[in-house]
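I have placed the structure first, in the form of structure tokens, so that the comments after it can refer back to it.
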Amino acid sequence: MGADVVLITGHPGHRGDLPAPLHAALHAAAGWGSRFAAVGTGVFVLAATGLLDGRRATTGWRHTGELAARHPRIQVDPLGTVVEDGSFLTAAGIFGGLDICLHILRGDHGARVAVETARQLIAPLQFDADKVQDAIEQEIMDSAGIEPTLQWLQTRLGQAVTLPDIAAHARTSISSLTRRFRTHTGRTPLQYLLHARIAEAQRLLRETEIPVEQVAARTGFTSPATLRRHFRALTGTTPRAYRQTYRAERTPGEQG
């Protein structure tokens, strides 16, 4: 009888080869119907099994580009928030483990249990607890309301978008916008926009046959050369090489 949930945490050896017994154990758990919850660099372990191929997943913001480059069959979500695709859940590191466990708890036992558990987890234990709680509440306030702006940016990846444009949509100052983005995504607004454009470029390279020149235009880059420069900086490869690698890895499975 298998585990209900297999939790894979982050670890420093995520770039190493996956041991054969672990590979077999994870596939066996999938066969039993277990759910998987991978956090931070632990997502690389799950990705190495092939179980995430064709699915959406995420990891810590510092590693989303690497995950996409190493595993081009995965649709990498650059946001880093909890991503659920079937029985597979992935999230960023740091607080990702807490987020993903609360997500599971909410699904299994309802919102009330999840909220009460969250309250217990952050219940202050120090005598200066009020200051701690105030800091937590302020951080929540700073990150609140950013999701609509993230979604708005996703619909405008091919357009020229400036920092004042983003601040205007969020109805806040540029300094407040930058603070909220750093809190919520780990990046500045323009850094986030760049990573989102690269993620969309990767999707187009995987799922379409349009030339790199059109990929650059559709993802808001001023020229193919600009796309190539940023693509290499974030993924370690070029758009054409990325597409060729994906095709080479996909072909054996299609023939089988």
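The values are calculated or read from the model by the stated rules, or taken from the named source; none is laboratory data. Computed from a predicted structure; not experimentally measured. Note: ideal-geometry Cβ built from the backbone for every residue, glycine included; neighbour counts use all protein chains shown. Quick note on the areas: whole protein, heavy atoms, side chains included, nothing else; ligands and nucleic acids left out. Shrake-Rupley method; radii C 1.70, N 1.55, O 1.52, S 1.80 Å.
What the table below lists for this structure:
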quantity: 1.4 Å probe accessible area per residue over the chain, in Å²; calculated: 54
quantity: Cleavage-rule hits, GluC sites (Glu not before Pro), the range 162-256, DSSP coil, Cβ neighbours within 10 Å at most 15; calculated: 209
quantity: Residue 159-residue 62 FRET efficiency (beta carbon distance; Förster radius 25 Å; 0.05 resolution); calculated: 0.40
quantity: Gain upon complete extension [residue 34, residue 11; 0.36 nm per residue less C-alpha separation]; calculated: 6.1 nm
quantity: Full-extension gain in nm, residue 238 to residue 118, via 0.36 nm per residue minus C-alpha separation; calculated: 38.9 nm
quantity: Inverse mean reciprocal Cα-Cα distance (Kirkwood Rh) of the range 145-242, Å; calculated: 13.9
quantity: Inter-part distance where the range 1-69 and the range 145-179 are each reduced to a Cα centre, Å; calculated: 32
quantity: For residue 92, residues with placed amide H under 5 Å, excluding near neighbours; calculated: 40
quantity: Label point at residue 248 placed 7 Å out along Cα→Cβ; residues across the range 46-90 whose backbone nitrogen lies under 16 Å; calculated: 69-73
quantity: Global geometry of the range 187-255, whether rounded, prolate or oblate, following the gyration tensor of its Cα atoms and the 1.5 cut on a/c; calculated: prolate
quantity: Radius of gyration and Dmax over the Cα atoms of the range 27-80, both given in Å; calculated: 10.8, 33
quantity: Global form of the range 55-102, assessed from the alpha-carbon gyration tensor, a/c cut-off 1.5; calculated: oblate
quantity: Selected from 152, 12, 98, residue furthest toward positive end of dipole (the chain; charges at beta carbon); calculated: 152
quantity: Cα centre as origin, Lys/Arg/Asp/Glu Cβ charges: the chain dipole, Debye; calculated: 940
quantity: For residue 55, distant residues with modelled amide H under 5 Å away; calculated: 75
quantity: Stokes-Einstein D in µm²/s, Kirkwood radius over Cα pairs - the chain at 4 °C with 1.567 mPa s viscosity; calculated: 65
quantity: Backbone HN-Hα couplings from phi across the range 199-208 [Karplus 6.51/-1.76/1.60, Hz, Gly and Pro as x]; calculated: 4, 5, 4, 4, 4, 5, 5, 6, 9, 10
